[in-house]
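Notes for the one structure printed next.
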Amino acid sequence: MAPIPQTECRNRLLAHMDAEDFDALIGDGEKVSLALRSTLFEHRGPIEHVHFMERGFVSLVAQSDQGRIEVGMFGREGVTGVAALLDDGSSVLKAIVQGEGEAIRFPSARFREIVLQRPTLLRLVLRYIHFLLTQTAQTAFANANYGVEPRLARSLLMVQDRLETNELHLTHTVLSFMLGTRRASVTDATHILEGCHLIRASRGTITVRDRKGLMALAGDAYGTSEAEYERLMRAQG
């Protein structure tokens, strides 16, 4: 397979890498399509590949016998499977594709080997891990302090950030899983947001009509981790 030019990468981490780090890594990469609802790694299962997202988005899911809930989300700003940097190469979370798309994937063992050999690349990955921790903390804050409507607004904004379109293909079932609430509660919240002219809902699709209005409704539940990502990337240089 021909090498993938850095200038053609939509993934922000790959595009932001030092050229020498990118060249050391990219030879082991391959472009893959990611089908909707596909699983990239299972809870407590091996992480065989890391995926740098080029298009679409992935949910990171915590689960137990009592159920499951989304605790993190990323698109082309991120990469799956950073737990592969640890010796056991597994994760307590599950990664599910919620917006079909594409990625550049690498064997996790090779990814770990290269990252640990290159200090500037390791620093970039550690900054991304810091962002993920910030996002997870913000999700916990939102779940503890906000009702369904602001949390729905936050999730819609986060999905829109990653799909880069006003039309979001999301069912109420998926949204109830993302928010950790009943489907009926999502339906009620969707009607409220639609009544405020913030969104337009049809079967399987939510169209964002007023992004600023969604941001006002989400309040402090949205924006902190997004701003932190931008700060970390600027600091990386």
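Taken together, the values in this text are just the output of simple stated rules run on the coordinates, not laboratory data. Just so you know, these numbers come straight off a predicted model, no measurement behind them. Virtual Cβ from ideal backbone geometry, glycine too; neighbours counted across all protein chains shown.
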- Message: Above 31 Å lies some portion of the pair distances; for the chain, what is it as a whole percent of all C-alpha pairs?
- Response: 22
- Task: Evaluate the distance, in nm, between pseudo-label points positioned 7 Å from the Cα of Thr136 and of Asp28 along their respective Cα→Cβ axes.
- Result: 2.4
- Note on the structure: Taking a crude spin-label model, label points 7 Å out from Cα along the C-beta direction, the Asp220 to Glu100 distance in nm is 4.1
- Query: Dividing the alpha-carbon Rg of region 39-122 by 2.2 N^0.38 Å yields what?
  - Reply: 1.08
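Quote the Stokes-Einstein diffusion coefficient, in whole µm² s⁻¹, for region 52-173, based on the Kirkwood radius over alpha carbon pairs, a temperature of 37 °C and a viscosity of 0.692 mPa s.
Value of D from the Cα-based Kirkwood radius: 209 µm²/s.
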- Message: Nearest 5 percent is fine: what portion of the DSSP beta bridges confined to the chain is antiparallel?
- Response: 100
- Here region 98-237 gives, from Cα atoms, an Rg and Dmax in Å of 17.4, 54
- Task: Assuming 1.002 mPa s and 20 °C, estimate D for region 2-65 with Stokes-Einstein, Rh taken as the Kirkwood radius over Cα pairs, in µm²/s.
- Result: 156
- How would you rank 79-86, 195-202, highest first, on the average number of other Cβ atoms within 10 Å across their residues? 79-86, 195-202
- Once you have the Cα-Cα distance between Glu164 and Ser38, take 0.36 nm times their residue separation minus that, and quote the gain in nm to one decimal. 43.3 nm
- Under 9 Å from the Cβ of Ile104, count the other residues' Cβ atoms, weight Lys and Arg +1, Asp and Glu -1, and hand me the total. -1
- Would you please calculate the Kirkwood hydrodynamic radius of region 91-160 over all C-alpha pairs and express it in Å, rounded to one decimal? 15.0
- Message: So if each residue of separation counts as 0.36 nm, and I subtract the Cα-Cα distance between Arg10 and Asp210, what length gain in nm does that give?
- Response: 69.4 nm
- Message: If each DSSP helix of 4+ residues adds -39,500 (n - 2.57) and the sum is divided by the residues in the chain, what number results at 222 nm, nearest 500 deg cm²/dmol?
- Response: -14000 deg cm²/dmol
- Task: Tell me which residues come under 5 Å, amide H to amide H, from Gly27 once H is placed; ignore anything under 5 positions away on its chain.
- Result: none
- For region 76-83, take each phi angle, set θ = phi - 60°, evaluate the Karplus expression 6.51 cos²θ - 1.76 cosθ + 1.60, and give the result in whole Hz per residue in order, putting x for glycine and proline. 6, 7, x, 8, 7, x, 5, 5
- Message: Quick query: amide H of Gly72 versus all other amide H atoms, modeled in the peptide plane; which residues come in under 5 Å with a sequence gap of 5 or more or a different chain?
- Response: Leu60
- Query: Using alpha carbon centroids, what distance separates region 1-29 and region 40-56, in Å?
  - Reply: 18
- Task: Give the residues of region 171-204 whose amide nitrogen is closer than 15 Å to a point set 7 Å from the Cα of Ala62 in the direction of its Cβ.
- Result: 178-181
- Query: For the chain, modelled as a Gaussian network with Cα springs under 10 Å, which listed residue fluctuates most, Ile69, Ile104, Ile192?
  - Reply: Ile192
- Would you mind calculating the relative contact order of region 1-158 from Cα pairs under 8 angstrom and at least 6 residues apart, reporting the percent as a whole number? 28
